[in-house]
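For reference, the structure is listed below as structure tokens.
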Amino acid sequence: MKVTGGKMFSLGVIVNTITVIGGTLIGIPLGNKLKEKHKAVFFISIGILTILIGVSMGLKSQNFLVVLGSLVIGGLVGEIFEIEDKISGLTKKISKKDDSNFATGFVSTTILFVVGPMTILGCVNSGLNGNNEILYLKSIMDGISSIAFASVYGIGVLLSAGSVFFIEGGIALLASTFQFLTLPAYLNDFTGTGGAMMIMIGLRILNVKEIKVGNFLPALIIAPFIDFLVILIH
């Protein structure tokens, strides 16, 4: 089966999914062997690193008003549909218990793995040209990250492999449709919005503030629409 402008299966996406699964399977038993005081070191380290990644991504934004608008509108949509609570409900069904770490791990790694320039550029290149170099590099980075996150958050990180497969696979499949996202005007604000959410995750990991980051996921869809309106007006 062929789809114009994209490939049904992207080898880069498959490799990326496998590295996340592999990293998670390495990280979970590693985390089980760690004492609580050692896990605390991991929590602090991952929290600080997540904030640094978020700041780096956030500063790529070309229009912080777009990021603000996306977060406000997306957050309100998420609150209305109670996305975070639904993710927590999924937690109970899969893990058979109320495990907040599961939801945090899933949301954190999903945003980390699928938001950013490497995801968009890599998937579009893979879908249009069959060039998987960016996705291969991203796979190595995600595999290492998944080991660290899985050692702290466990099985929730494994579920993010599904996010990687379906979201990246969808972008690669519809590469010609999503090609506009590679333009700086869209890509930078999309990345900036994801960066703001990464900072929220970092604050949550460090127990600075309990933020329902899952409710802000719609902001990633809203950001390109706001950018489109801004470009249309100008």
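Within the option set Ser176, Ser145, being over 25 Å from Val66 (Cα atoms), polar (S, T, N, Q) and open to solvent by 20 Å² or more (accessible area, probe 1.4 Å) holds for one residue only, Ser145.
Screening segment 37-88 for residues that are assigned to a helix (DSSP H, G or I) and of a type in the set (S, T, N, Q) and picking the one that is farthest from Pro224 (Cα to Cα) gives Ser45. For Phe165, the criteria (1) free of Cβ contacts under 8 Å to residues at least 40 places away in the same chain; (2) surrounded by 18 or more Cβ atoms within 10 Å (Cβ to Cβ) hold in every case but one, which is (1).
Considering only residues of segment 100-120 that are at negative phi and among the small types (Gly, Ala, Ser), which is modelled with the lowest pLDDT? Only one residue tops the list, namely Ser100. Scoring Ser139 on the criteria (1) open to solvent by 70 Å² or more (accessible area, probe 1.4 Å); (2) farther than 21 Å from Met197 by Cα; (3) not basic (Lys, Arg) leaves a single failure, condition (1).
The single condition among (1) under 30 Å from Pro29 (Cβ atoms); (2) crowded, with 19+ Cβ neighbours inside 10 Å; (3) within 15 Å of the chain's Cα centre (by Cα) that Gly154 does not satisfy is (3).
The values are calculated or read from the model by the stated rules, or taken from the named source; none is laboratory data. Here the structure is a predicted model, which means the values were calculated and not measured. Cβ: placed from backbone, ideal geometry, glycine included. Neighbour counts: every protein chain shown. To get the accessible areas, we keep the full protein, side chains included, count just its heavy atoms, and leave off ligands, DNA and RNA. Shrake-Rupley method; radii C 1.70, N 1.55, O 1.52, S 1.80 Å.
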